[in-house]
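The values are calculated or read from the model by the stated rules, or taken from the named source; none is laboratory data. Computed from a predicted model, the values in this text were never measured in an experiment. Note that we place each Cβ from the backbone using ideal geometry, even for glycine, and neighbour counts take in every protein chain shown.
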Amino acid sequence: MRILVVSTAFPRTRDDPTVKWLAETLRRLAAEGYEIEVLTSAYRGGGNTSLDGIPIHRFRYFFARWERLTHEESAPDRMRRSPFYAVLPIFYLACGAVAAWRLARRRHYDIVHVHWPVPHAVFGWAARAGGTRRMIAQFYSIELRWVRHSLPFLRGFLRRAVTSANYVVAISTSTAREVQAVAPVPVDIIPYAVDLPDDTTAGGASARRSAREPGQPFTVLSVGRLVERKGVLYLIDAIAAMRDTLDARAVIIGDGPERAALEAQADAAGISDRIEFRGWVSPDELHEAYASASAFALPAVIDHRGDTEGLGMVLLEAMTYGVPVVSTPMGGIPDIVQHDRTGLLVPPNDASALAAALIALATDGALVERLTIAAHTSARESFGWPGVLAKWRAMYARVMAGLPAPDARSLTELPPSAPPHRR
């Protein structure tokens, strides 16, 4: 089975965090005998042409100096800040479509697997024109929300991207509902997979969360790009609100366009000494941060573009380390965090509720033990590599057999969403 995977970006080195979960998924499938190749964009004139034995076809779309629409940050963020980058997608789409058509004619793929079908359905259609008969469209919610809130003129394009695919995949129940709000097609739900630390037992995970030693601060970890939808500003406000009742600190790992504003917020609140901005760190440093954290917070919100978390991979990572998690019921997060069973959920845009949940984790050892054991078990059973890879294998087998997605759940009604909020 020969598969062409289409992605906005792809890791340039083994340590590149860009869609690392996708690269690992493809690496594992390739080791099982699937013939997988990747079509993605060039970065500043080029980039690697293979990763762990997987061929990478990087298409050029402009002069090397300006080939930075992808990889370093999301294309919409770059487009928003620069009128030049706002028109560069025209070249990106045209050159990528030509590359997909040429590859399909030359390589004779069985399947073209399109990630982020807005706009990459164009590449899938081009590959079909080149001779590839089967197309998978995999949605992550961000592209669906862009169209619904900011790009309504693309609704026809989105509907065609959904209905023209042989098989439609979503990463979460929430995303599947959004797809079915566009067109009533069968949708398979296949989440990300997560690595488990060496100690893979639930009891071992709980043991790592032993009671905080006297005199040690309660450390709240946050990991991810510093963008509005992560809601990190509410974590900073929560730390400020707890300063008289709990010796709490926040360790914030990641970088992004919101960092300067967040640092200024911490400074204005007089808690700069309680907030540590580390930027991006090495895998070993990230491991140590998870292993030493008292709690993990992802206070996700809906941003001004209508975007929120598609799933929340960092929550899974924290759960595998036995770190109790606090988040909000936004996007795909409820697929991971069930309130008072595998973590705590608080209302979005509410620093006081977030502070109360963190205080509960700091003061109730029985609650932490119960949550971390259930969370670790859930992460292993629902998001471990064996189960997720089995779903990918089943997906490819169904596509080759001409069968639709199983669509085992009723997902016709979209839940109400909180309005975008920006303080």
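State whether one or more residues within segment 101-108 are under 23 Å from residue 18 (Cβ atoms) and surrounded by 17 or more Cβ atoms within 10 Å (Cβ to Cβ). Looking for residues that are under 23 Å from residue 18 (Cβ atoms) and surrounded by 17 or more Cβ atoms within 10 Å (Cβ to Cβ), one finds at least one in segment 101-108, hence yes. For segment 302-313, the criterion of being of a type outside the set (S, T, N, Q), touching a residue at least 24 places away in the same chain (Cβ under 8 Å) and farther than 22 Å from residue 76 by Cβ is met by no residue. Scanning segment 119-138 for residues that are within 27 Å of the chain's Cα centre (by Cα) and modelled with pLDDT of 95 or more yields a total of 13.
Looking at 281, 314, can you tell me which residue is closer than 30 Å to residue 136 by Cβ and among the β-branched types (Val, Ile, Thr)? From the options 281, 314, the qualifying one is 314. Among the residues that make up segment 363-374, is at least one of them among the small types (Gly, Ala, Ser), under 28 Å from residue 269 (Cα atoms) and touching a residue at least 24 places away in the same chain (Cβ under 8 Å)? Scanning segment 363-374, I find no residue that is among the small types (Gly, Ala, Ser), under 28 Å from residue 269 (Cα atoms) and touching a residue at least 24 places away in the same chain (Cβ under 8 Å), so the answer is no.
If you check 50, 7, 41 for being closer than 26 Å to residue 388 by Cα, crowded, with 18+ Cβ neighbours inside 10 Å and among the small types (Gly, Ala, Ser), only one passes: 7. Scan (1) more than 24 Å from residue 81 (Cβ to Cβ); (2) among the aliphatic types (A, V, I, L, M); (3) in contact with a strand residue (DSSP E or B) (Cβ under 6 Å, 6 or more places away or on another chain) for the single condition residue 253 breaks and write down its number. All conditions are met except number (1).
Evaluating residue 109 against the criteria (1) under 24 Å from the mean Cα position of the chain (by Cα); (2) at pLDDT 95 or above; (3) not β-branched (Val, Ile, Thr) leaves one unmet condition, (1). For the structure I just gave you, tell me whether residue 345 is surrounded by fewer than 22 Cβ atoms within 10 Å (Cβ to Cβ), within 26 Å of residue 247 (Cα to Cα) and not aromatic (Phe, Trp, Tyr). Yes: the conditions hold for residue 345. Considering segment 15-38, the residues that are within 24 Å of residue 282 (Cα to Cα) and charged (D, E, K, R) include one that is surrounded by the fewest Cβ atoms within 10 Å (Cβ to Cβ), namely 15. Would you mention how many residues in segment 254-274 are over 19 Å from residue 325 (Cβ atoms) and either surrounded by 14 or more Cβ atoms within 10 Å (Cβ to Cβ) or in contact with a Lys or Arg (Cβ under 6 Å, 6 or more places away or on another chain) (or both)? Count: 13.
Restricting attention to segment 354-372 and to residues that are of a type in the set (A, V, I, L, M, F, W, C) and surrounded by fewer than 19 Cβ atoms within 10 Å (Cβ to Cβ), the residue that is farthest from residue 250 (Cα to Cα) turns out to be 366. Within segment 281-301, restricting attention to residues that are out of contact with any Asp or Glu (no Cβ under 9 Å at 6 or more places or on another chain) and closer than 25 Å to residue 355 by Cβ, the residue that is surrounded by the fewest Cβ atoms within 10 Å (Cβ to Cβ) is 291. Screening 278, 225, 229 for residues that are touching a residue at least 60 places away in the same chain (Cβ under 8 Å), over 18 Å from residue 357 (Cβ atoms) and either not in a loop (DSSP other than H, G, I, E, B) or not assigned by TED's automatic domain parsing to the domain that holds residue 327 (or both) leaves exactly one candidate, 229. Candidates 144, 69: the one that is within 17 Å of the chain's Cα centre (by Cα) and at pLDDT below 90 is 144. Residues that are outside the structural domain of residue 280 (by TED's automatic domain parsing) and closer than 22 Å to residue 396 by Cα are absent from segment 60-79. Restricting attention to segment 13-37, the residues that are touching a His at 6+ places or on another chain (Cβ under 7 Å) and either of a type in the set (S, T, N, Q) or part of a loop (DSSP other than H, G, I, E, B) (or both) add up to 1.
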